[in-house]
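Below is one structure; the comments refer to it alone.
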Amino acid sequence: MDPYKETIQTWDKLAERYEQMFMDMDIYHESYAAFCDALGAEEGRLLEIGCGPGNITQYLQKKVPTLQITATDVSPSMIERVNINVPSAEARVMDARDVGALQESFNAIVCGFIIPYLSAEDCTQMISACGRLIQKGGVCYLSFVPGNPKESGFVTGSTGDRSYFHYHAKDRVMEDLSKAYLEVFKTFEIIYKKANGVTEMHLVVLARRLEG
Ligand SMILES: C[S@@+](CC[C@H](N)C(=O)[O-])C[C@H]1O[C@@H](n2cnc3c(N)ncnc32)[C@H](O)[C@@H]1O
């Protein structure tokens, strides 16, 4: 089966489980708060790509109630959770590979752990699209697990369901951002302990759209 198809099916099946585990996880809150500080403006339009059950959207909406959030995810079950968790957001089913087709512009874009589910080529295209969709001076939030792309492959979770996990080289992602006129101004290295006790480093990057 196509790795994307299986991965998307897995996420759709595990939406409620992900919500139970991650809706209130606070290890990323410092990075969300820094993103909110960088937003500056009280009002504005924000696009979230791969929003899951709305965990980041919920944090941002509470912190900046005037933000108009469009939360997108390829999984209809995740979008159902967003509608329940953050009714003020506009929640849409959308594949991150189709972001380039959007005809809207945003003051900010959030990409929380979506690129681990995109190939290097699709990641580059999505970041390039973000550079086009985000207004000059706007802010982008991107998180991922940097690593050796050769170690990418199917991972099987405790439910037995598989998803294809992509490691992206940090330098390549930084180059993608730079080519999209997104200038990195802050990074966070967050140590995450997985259920099996193994730790990994999660990188959060905050970038601002240059006048370009
Ligand atoms: C690890 S969760 C991240 C959720 C949330 N953004 C966060 O940071 O906690 C990954 C999300 O990406 C979504 N996803 C996977 N492949 C996708 C694709 N091709 N397009 C859009 N969303 C996708 C999954 O459905 C899931 O909700």
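The values are calculated or read from the model by the stated rules, or taken from the named source; none is laboratory data. These numbers come from a predicted model, not from an experiment. Side chains included, ligands, DNA and RNA excluded: accessible areas come from the protein's heavy atoms. Shrake-Rupley method; radii C 1.70, N 1.55, O 1.52, S 1.80 Å.
Computed quantities for the displayed model
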{"read-out": "Cα gyration tensor shape for the stretch 101-161, rounded if a/c is under 1.5, else prolate or oblate", "value": "prolate"}
{"read-out": "The stretch 3-209, accessible surface, carbon-and-sulfur percent (1.4 angstrom probe)", "value": "48 percent"}
{"read-out": "Candidate lysines for bridging to Lys13, where Cα separation is under 22 Å - those fewer than 8 sequence places away on the same chain excluded", "value": "Lys5, Lys194"}
{"read-out": "Glu121 accessible area, assembled protein chains, probe 1.4 Å, Å²", "value": "130 Å²"}
{"read-out": "Estimated [θ] at 222 nm from DSSP helical runs (n ≥ 4, -39500 (n - 2.57)) normalised by residues in the chain, nearest 500", "value": "-10000 deg cm²/dmol"}
{"read-out": "Gain in span if fully extended, Asp98 to Glu6, counting 0.36 nm per residue against the direct Cα distance", "value": "31.3 nm"}
{"read-out": "³J(HN,Hα), Karplus 6.51/-1.76/1.60, whole Hz, each residue of the stretch 143-158, x for Gly, Pro", "value": "10, 6, 10, x, x, 7, x, 5, 8, 5, x, 5, 10, 10, x, 5"}
{"read-out": "Amide H contacts under 5 Å for His168, placed H, 5+ residues apart", "value": "Val145, Gly147"}
{"read-out": "Quotient of C-alpha Rg and 2.2 N^0.38 Å, computed over the chain", "value": "0.95"}
{"read-out": "Among beta bridges that DSSP assigns inside the chain, antiparallel share in %, nearest 5", "value": "50 percent"}
{"read-out": "Kirkwood Rh (inverse of mean 1/r, distinct Cα pairs), the stretch 123-204, angstrom", "value": "14.4 Å"}
{"read-out": "List Met78, Met23, ordered by accessible area with a 1.4 Å probe, largest first", "value": "Met23, Met78"}
